[in-house]
Each structure stands twice: as C-alpha cells, then as structure tokens.
Amino acid sequence: MGMLSQYMRSIKRAIGHALSDSRSVKELYGVGIAGWLAYSTRVPFGTNIYEREWDALIVLDACRVDTLQAVADEYEFLDTVDSIRSVGSTSKEWILKTFTDDYREQINETAYLTANSWASEALAADANPLLYPSAGDTVVSKLGVTRLLRDSGITADDFSDFRPLWNDLAERNPYGPTPLPSDVTDYTIAYCREMNPRRLVVHYMQPHDPHLASALDRGHITEVEQRPWDALRDGADADTVRENYTDNLRLVLDELSRLLQNATFETVAITADHGELLGEMGLFSHGAAIPHPAVKRVPWVTCSATDTETVTPEIDTTDASDTSEEDVIAHLKQLGYI
C-alpha cells in the first residue's frame, strides 16, 4: 500500500492538483498518459453505456457511488443504487472511450445535451487526445505519439443532435463557469417536448466543483466552494469540502426530480463519467489514468420518467450557438483544467 500511495501522489502532483511543479514528474506523467491511452483505446476497460438498456441517460459529473447511496433515501427515484466500472477517470477520457465507432448506430440516434465543455473539445474533428492537464505540452505530446492511440472515429456531427449547453447557459451562473443545474433541467424539459428525441444523453456538471448549493442560498460563493482543491492546499477543512460536495449532489438531484416529472422516457439511467477522490490516501479530485475505485467506480440507477407538465420552462432551445476552438479552450481554462 505504501508504494501505491506514493505512485498516486506523484500522479496527482503531475496533473496540477498538488504543489509540485517538477518538470520531470510532468514529463513522466505525459509518458504514462500516452501509454495508457494507447493501450486502453484498444483494450476496453469498464462498461460502455451503450451496453446497457436506456432511453435517456443522465450523467452526473464526478459523482461518487457511496455519496449517492448516502442520500438515496431522500429521493424516491433512487430506489437501488448499483455501480459499474467507468471507461475513464476524467470527462475527456470517458467521452473518447464512450462515443466510439463500435456504437455508431446507437450514437446516430442519440441527442447529446452537455454542460461539459470537454465534450466539444474531445468530439472536434481535430481533437487532441493528449490535451490533458499538465500533459499537453510535454515532450511525448509533441512527438506524434497520438498516432499510437486508436481514434474514436466519432465527432459531434455523428449525433442526431449535439447541444453544447456550457456555451450558452454558463453565463447565467453568477458563481462560476458551469451551467446551473436548474437551467440544464429547464433546457432539457423544453427540448424533449419540442424535439421528442429517440435517445437522449444529458450531462450535468454537478456534483463537480464549483460547489454551488450554499452559494445560491446565501448570495455569494466562498473560495473553498469555488476552488475546493486549491483551498485544501491552503489549509481548508477537508470535512467542509466533503459536505459541500454532498450538498452539490443534492442540488442536482433536486433538479432530476423535476426532470423526471416533466419528460417521458420508459427507461432512464443515472450514472457518472467518473467519481471523485475525497481524501482516500490523502488525495482529492480526479485525473486521467487514475485507477482508484473512488474514481473508476460510478453509480448506475434505473428509473422511468413521465411528463406531468408541472413546469413550463421559459428558455430558448434553438440551436446552441457555434463554438470555436478558442471558445472551448477559454472555457477549459476558466475551469482550471489547462
């Protein structure tokens, strides 16, 4: 366990979630990411969502299995919280390994509404599979090793519809660059009523930070809520961060309650792209190629949705505005990823 702990700490330092700025560690991390992606894009690890039955899939970004289980009795639709092994430990890795040519037929039938800007980056025609925190400017990323990685073969144009909600809805959030879960829910309800998608994926950003629940109640956000991992390095209380994370999960689950009563799907699945480290082995957050089960094990819940028309959202669901590469990179920088 001691050697594994040391290895995990080195990885976390390399991806910018710790204080070290060692160039050698950063370069080593770049080599590790390239090797892992070259192998894992050919040999599947984890359960692809298209191997399960669902009409609508709700993705909760960075949602832990145990935290969802802990609050399950507060929500009727969380009857049984099972789990699967994710195909990735970051959003980008999950996207690249979920939406692949092996599932092109199902993807062609899927409308993808996403609050996560990594989707726009990863599904671009000229996507850089090695654009990861602290790995994108390493020597290995400049040597053409991306040719060793299996191309997913899928771009945003392969979906029946692709809506980058992060580009239009984030500006409505006064406390950070992530769309409010209430806006994502309103958009999804209106979209379903107007478009009646055959298959739907909705990707919420919560419970991923920033942790908004208390900020929305009090009218301002604290530094520990805005950038919890930075705050921890500056001495913030770890229990406070865990509580904020749980409340941020409740915030998005409250919105799922509204969504499930205002859209109709026979089978709805609730899952996550990856989990989150909340102190295991002294580590927090998540990163690419992290094998820890707190990151790789994600929830799987099934339920149904029936539109009882309890809300009528006033939100524009015309085609989301075009996003340039500059828009995507700027948004990822706002989130502190690159």
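The values are calculated or read from the model by the stated rules, or taken from the named source; none is laboratory data. The model shown is predicted, which means the values in this text are computed figures rather than measured ones. Here Cβ is always computed from backbone atoms with ideal geometry, including for glycine, and neighbour counts include all displayed protein chains.
Residues are listed down the side, and each one gets a yes or a no for (1) touching a Leu at 6+ places or on another chain (Cβ under 8 Å); (2) more than 26 Å from GLU51 (Cβ to Cβ); (3) not in a helix (DSSP H, G or I):
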site: GLY235; (1), (2), (3): no, yes, yes
site: GLU255; (1), (2), (3): no, yes, no
site: GLU266; (1), (2), (3): no, no, yes
site: VAL298; (1), (2), (3): no, no, yes
site: THR310; (1), (2), (3): no, yes, yes
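Which ones in region 73-111 are under 19 Å from SER152 (Cα atoms) and not in a helix (DSSP H, G or I)?
The first filter runs over region 73-111 and keeps only residues under 19 Å from SER152 (Cα atoms), leaving 86-111.
Within region 73-111, SER86, VAL87, GLY88, SER89, THR90, PHE99, THR100, GLU109, THR110, ALA111 qualify.
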Next on the checklist: Among the numbered criteria (1) in a strand (DSSP E or B); (2) touching a Lys or Arg at 6+ places or on another chain (Cβ under 9 Å), which one does ILE58 miss?
Outcome noted: (2)
Item to check | Among the candidates VAL224, VAL201, VAL184, residue that is over 30 Å from GLU53 (Cα atoms), of a type outside the set (Phe, Trp, Tyr) and modelled with pLDDT of 95 or more | outcome: VAL224
Checklist outcome for this item: Those residues of region 269-312 that are modelled with pLDDT of 95 or more, over 20 Å from THR67 (Cβ atoms) and buried (at least 18 other Cβ atoms within 10 Å of the Cβ) come to a total of 1
Next on the checklist: Can you go through ASN262, ASN248 and tell me which one is buried (at least 16 other Cβ atoms within 10 Å of the Cβ) and closer than 14 Å to ARG64 by Cα?
Outcome noted: ASN248
Checklist entry - ASN244 versus (1) under 17 Å from SER182 (Cα atoms); (2) part of a helix (DSSP H, G or I); (3) polar (S, T, N, Q): which is the lone unmet condition? => result (1)
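Can you say whether ASP61 is within 19 Å of PRO293 (Cβ to Cβ), acidic (Asp, Glu) and either in contact with a Phe, Trp or Tyr (Cβ under 9 Å, 6 or more places away or on another chain) or in contact (Cβ under 8 Å) with a residue 60 or more places away in the chain (or both), as far as the supplied structure shows?
On the way: within 19 Å of PRO293 (Cβ to Cβ): yes; acidic (Asp, Glu): yes; either in contact with a Phe, Trp or Tyr (Cβ under 9 Å, 6 or more places away or on another chain) or in contact (Cβ under 8 Å) with a residue 60 or more places away in the chain (or both): yes.
Yes.
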Checklist entry - Considering region 36-52 alone, what residues qualify as being modelled with pLDDT of 75 or more, in a helix (DSSP H, G or I) and exposed (fewer than 15 other Cβ atoms within 10 Å of the Cβ)? => result GLU51
Checklist entry - For the subset of region 211-228 comprising residues that are within 17 Å of VAL184 (Cα to Cα) and surrounded by fewer than 23 Cβ atoms within 10 Å (Cβ to Cβ), which member is farthest from the chain's Cα centre (by Cα)? => result LEU216
Checklist entry - Among the residues of region 179-200, is there at least one that is without any contact (Cβ under 8 Å) to a residue 40 or more places away in the chain and crowded, with 19+ Cβ neighbours inside 10 Å? => result yes
Item to check | Of residues in region 313-333 being of a type in the set (Asp, Glu) and surrounded by fewer than 15 Cβ atoms within 10 Å (Cβ to Cβ), the one modelled with the highest pLDDT | outcome: GLU314
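Report the residue count in region 55-74 for those that are under 18 Å from ILE189 (Cβ atoms) and surrounded by fewer than 24 Cβ atoms within 10 Å (Cβ to Cβ). Break it down stepwise before answering.
Of region 55-74, the ones under 18 Å from ILE189 (Cβ atoms) are 55-60.
With surrounded by fewer than 24 Cβ atoms within 10 Å (Cβ to Cβ) added as a condition, the list becomes 55, 57.
The number of residues fulfilling the criteria is 2.
Checking the structure you have, find out if any residue of region 245-264 is basic (Lys, Arg) and under 22 Å from CYS192 (Cα atoms). Walk me through it before giving the result.
Here is the first cut: in region 245-264, the ones basic (Lys, Arg) are 250, 258.
Adding the requirement that they be under 22 Å from CYS192 (Cα atoms) leaves 258.
Yes.
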